[in-house]
Amino acid sequence: QVQLVESGGGLVQPGGSLRLSCVASGRTFALYVMAWFRQAPGKEREFVAAIRWSGGTTYYADSVKGRFTISRDNAKNTVYLQMNRLGPEDTAVYYCAAAPRFVRVSSEVEYDYWGQGTQVTVSS
């Protein structure tokens, strides 16, 4: 089993930045892909970004390309999501997810492990 704990959410003004963290514990040696998804009120959960645990290949949703950066620190078993130029459309609960094999990164059903989520609110 793998446990994921997110942190770093909060209230930020439009145009601002936040960095989310996701710490993995448990069978972390088995991880292959880690990702961030988000769910806005009244909407379905959507893919944001993903990273391969080994090698660091990254994947992004078109809506966040150029604004968000996913990275990882293998020594700390932590994945980060640096979010810049935030807008109200980025308001959502952000979830960390992990899979022990390569998956279709944008498909939430492919991920085995999920964190509890962290709220990001972009508002003036």
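The values are calculated or read from the model by the stated rules, or taken from the named source; none is laboratory data. Because the structure is predicted, anything quoted here is derived from the model rather than measured. As a convention, Cβ positions derive from the backbone with ideal geometry for all residues, glycine included, and neighbour counts pool all protein chains shown. To get the accessible areas, we keep the full protein, side chains included, count just its heavy atoms, and leave off ligands, DNA and RNA. Shrake-Rupley method; radii C 1.70, N 1.55, O 1.52, S 1.80 Å.
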Would you mind telling me which residue in Ala24, Ala97, Ala75 has the biggest mean-square fluctuation in a Gaussian network model of the chain, where springs connect alpha carbons within a distance under 10 angstrom? Ala75
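Hey, can you find the accessible area per residue of the chain for me, probe 1.4 Å, expressed in square angstrom?
50
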In debye to the nearest 20, how big a dipole does the range 51-94 give about its Cα centre with +1 on each Lys and Arg Cβ and -1 on each Asp and Glu Cβ? 180
Roughly how many percent of the accessible protein surface of the chain is carbon and sulfur, given a 1.4 Å probe and a whole-percent answer? 47
Cut-off 17 Å, label 7 Å out along Cα→Cβ of Phe29, residues of the range 81-124 by amide N: 100-101
Restrict the search to the range 6-49; then list the trypsin sites (Lys or Arg not before Pro) that DSSP places in a loop and that have at most 13 other Cβ atoms within 10 Å of their Cβ. Arg27, Lys43
Low-density loop cleavage sites - GluC sites (Glu not before Pro) in the range 34-109, where at most 16 other Cβ are within 10 Å (DSSP): Glu44
Phi-based couplings in Hz for the range 109-124 (Karplus 6.51, -1.76, 1.60; Gly and Pro marked x): 5, 7, 8, 8, 10, 9, x, 8, x, 9, 7, 10, 10, 10, 7, 8
What distance in nm lies between label points placed 7 Å from Cα along the C-beta direction at Thr57 and Gln116? 3.4
